[in-house]
Amino acid sequence: MDYRPELVGGHLALDLVNTVAWRLDDRRRIDRIADPVNLRRWLTAVGLDPAGQDPGELVRCREIAYAVLHPLTAGDEPRAADLAVLRELVEDAVRNATLVSARPLTWRAGTVGNQVRLAVWRLFEDEDLGRLRQCGDNDCGWLFLDRSKNGSRRWCSSADCGNRARARRYYQRHSGAPA
Ligand SMILES: [Zn+2]
């Protein structure tokens, strides 16, 4: 089946993290952007230039973002080594960007790789990471910002992981299988 990017993270940097499907299941994990056609599909879906991108650069951004964000979803501190790499990423983002105006401070990112770096930086700078969640599915591993009023969102997609969980509960209730 063709890859159709699902943009459910609520932020470009999280939609990048979510280009790994089944991140928490070693047997099923799929890196969607390892395939050049899918990489172009994803870039187009998020509104970035799909031409001639370096997937390695995006993967590096993605993995450092995940390494720092994942502990936050569990209320833990990220590892110092990961924070040091995040700092390098932010430094690179600024070094490669052009300052367009001073008030308000506005940057032009330049390349797609740098647009993604800036997006990762902005996620940490601008967003309330108290609303960062990991999907309630055991294997999914997708991250999102819970922008619901009462902070009750549990699933990356209610149609997807949410639906599977409902089906599983239904089956357990009606089959006598242990929960
Ligand atoms: Zn999910």
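From the residues in segment 152-162 that are more than 10 Å from the ligand (Cβ to nearest atom) and of a type outside the set (D, E, K, R), which one is nearest to Leu123 (Cα to Cα)?
Result: Ser152.
Could you please give the count of residues in segment 112-151 that are within 16 Å of the ligand (Cβ to nearest atom) and either surrounded by 15 or more Cβ atoms within 10 Å (Cβ to Cβ) or farther than 24 Å from Arg32 by Cβ (or both)?
Counting residues in segment 112-151 that are within 16 Å of the ligand (Cβ to nearest atom) and either surrounded by 15 or more Cβ atoms within 10 Å (Cβ to Cβ) or farther than 24 Å from Arg32 by Cβ (or both) gives 14.
Collect the residues in segment 164-179 that are more than 10 Å from the ligand (Cβ to nearest atom) and either in a helix (DSSP H, G or I) or in contact with a His (Cβ under 8 Å, 6 or more places away or on another chain) (or both), keeping them in residue-number order.
Arg166, Ala167, Arg168, Arg169, Tyr170, Tyr171, Gln172, Arg173, His174, Ser175
Of the residues Ala102, Ala109, which single one is of a type outside the set (D, E, K, R), out of contact with any Cys (no Cβ under 6 Å at 6 or more places or on another chain), open to solvent by less than 30 Å² (accessible area, probe 1.4 Å) and more than 16 Å from the ligand (Cβ to nearest atom)?
Checking each option against the conditions leaves just Ala109.
Just name the residue that is farthest from Leu132 (Cα to Cα) out of those in segment 64-99 that are open to solvent by less than 50 Å² (accessible area, probe 1.4 Å) and touching a residue at least 60 places away in the same chain (Cβ under 8 Å).
Tyr66
Looking only at segment 1-60, filter to residues that are in contact with an Asp or Glu (Cβ under 8 Å, 6 or more places away or on another chain) and hydroxyl-bearing (Ser, Thr, Tyr); which one of those is modelled with the lowest pLDDT?
Tyr3
Suppose we keep only residues that are of a type in the set (A, V, I, L, M) and not in a loop (DSSP other than H, G, I, E, B) within segment 22-37. Which one would you say is farthest from Gly52 (Cα to Cα)? Give the derivation first.
Within segment 22-37, the first condition is being of a type in the set (A, V, I, L, M), and the residues that meet it are 24, 30, 33-34, 37.
Pick out the ones that are also not in a loop (DSSP other than H, G, I, E, B) and you get 30, 33-34, 37.
On the way: Ile30: 22, Ile33: 13, Ala34: 14, Val37: 11 Å.
Restricting to residues being of a type in the set (A, V, I, L, M) and not in a loop (DSSP other than H, G, I, E, B), the top hit is Ile30.
The values are calculated or read from the model by the stated rules, or taken from the named source; none is laboratory data. Fair warning: this is a prediction, and the values are worked out from it, not measured in the lab. When we count neighbours, we look across all protein chains shown, and the Cβ atoms used for this are built from the backbone with ideal geometry, even at glycine. We work out accessible area using only protein heavy atoms, side chains counted, and drop any ligands, DNA or RNA first. Shrake-Rupley method; radii C 1.70, N 1.55, O 1.52, S 1.80 Å.
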